[in-house]
Amino acid sequence: MFVCMWRNRSLIRALAVREVLGRYKGAMLGVLWSFFNPMLMLAVYTFVFSEIFKARWSAGSESKTEFALVLFAGLMVFNLFAECINRAPGLILANVNYVKKVVFPLEILPGVATASALFHGLISLGVWFAAYLALFGIPHATALYLPLVITPLLFFILGLSWVLASLGVFLRDVAQFIGIVTTVLMFLSPIFYPATALPENYRHLLYLNPLTPVIEMTRDVLYWGKAPDVMMLCIIWGVGCLTAWLGFAWFQKTRKGFADVI
């Protein structure tokens with residue numbers, strides 16, 4: 001799996017660059033839309049949840065800047081996940097011309113989509129750091145832990161993307177189903193509220209959501225200045241690597257039937 005992705009890294013990079021540039025081709029602001037889109041959604045979510053629903057972090061702090069930065073940290077993680085997973089069921093169907101080309105490695109398509117989403121995620125992260133620097137000064141040194149938190153999520157995303165890309169060829173309803181699932185996950189993840197907002201009896205159910213520990217640790221290392229929990233970090237690395245391995249194996253086993261169905 002990793003050997004395959006590394007061997008085709010140049011092709012993945014080239015396709016990802018083409019995809020990012022193609023998305024904004026003809027737009028007057030071009031790639032700047034990747035900056036304005038998350039900022040607009042952040043403004044809307046911050047107003048709705050901090051003013052209307054009165055959601056708070058840090059023991060009821062009234063700071064809107066704190067709420068915006070904490071919210072944005074969670075949104076960055078979710079948007080990275082949602083962009084890849086929502087696209088995954090249509091990856092093969094959108095690249096039918098590659099299916100019958102024996103020499104083209106179809107397994108890199110989820111990697112291309114993930115690389116494209118990661119580019120937008122890095123832009124959002126840059127915006128987050130710029131805002132933190134302007135409002136609070138130098139970010140916490142614990143921000144250096146962020147790659148350790150996000151990398152297993154990328155593996156998890158790749159594994160799910162391989163499975164969904166394969167299923168999307170045989171079951172066209174998968175795309176509709178995944179759209180509903182990601183919307184539900186957005187509100188079942190501690191993005192707009194802290195995990196402690198749930199009653200203790202139900203809080204463990206929140207951690208069945210694989211995004212919960214990643215979102216919580218991202219906030220810890222970026223905003224709260226806390227090192228990630230070692231045990232939880234080991235768990236998400238194990239889950240991420242296992243999901244990637246199983247997803248890749250599933251994709252390789254089912255890809256032989258793609259040409260018969262398309």
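Laboratory data are not the source of any read-out in this text; all were calculated from the coordinates shown. Just so it is clear, the structure is predicted and the values come from calculations on it, not from any experiment. A quick note on method: Cβ atoms are made from the backbone with ideal geometry, for glycine too, and the neighbour counts reach across all protein chains shown.
Odds and ends about this structure:
- Calculated FRET value between Met232 and Ile180, using beta carbons and R₀ = 22 Å, to 0.05: 0.20
- Counted residue by residue at 0.36 nm each, then reduced by the alpha carbon distance between them, the extension gain from Lys64 to Cys4 reaches 17.0 nm.
- Extreme residue, positive dipole direction of region 2-255, given options Leu133, Ala82, Phe72 (C-beta unit charges): Ala82
- For peptides 142-152, 172-182, 217-227, sequence by mean Cβ density within 10 Å, most packed first: 217-227, 142-152, 172-182
- Look at the dipole of region 208-262 built from charges on Cβ: of Tyr223, Val239, Gly257, the Cα furthest out on the positive end belongs to Gly257.
- Size of charge dipole - region 2-255 - debye, nearest 20, with Cβ of Lys, Arg +1 and Asp, Glu -1, no other charges: 920 debye
- Cross-link reach is defined here as a Cα-Cα straight distance under 22 Å, omitting same-chain residues fewer than 8 places apart; for Lys100 the lysines meeting it are Lys253, Lys256.
- Between 0 and 90°, nearest 10: helix 33-47 axis offset from the chain longest Cα axis: 40 degrees
- Here the relative contact order of region 2-255, from alpha carbon pairs under 8 Å that lie six or more residues apart, stands at 28 percent.
- Calculated translational diffusion coefficient of region 155-211 (25 °C, 0.890 mPa s; Stokes-Einstein with Kirkwood radius over alpha-carbon pairs) equals 187 µm²/s.
- FRET efficiency, Arg13 to Tyr207 (Cβ-Cβ, R0 41 Å, nearest 0.05): 0.70
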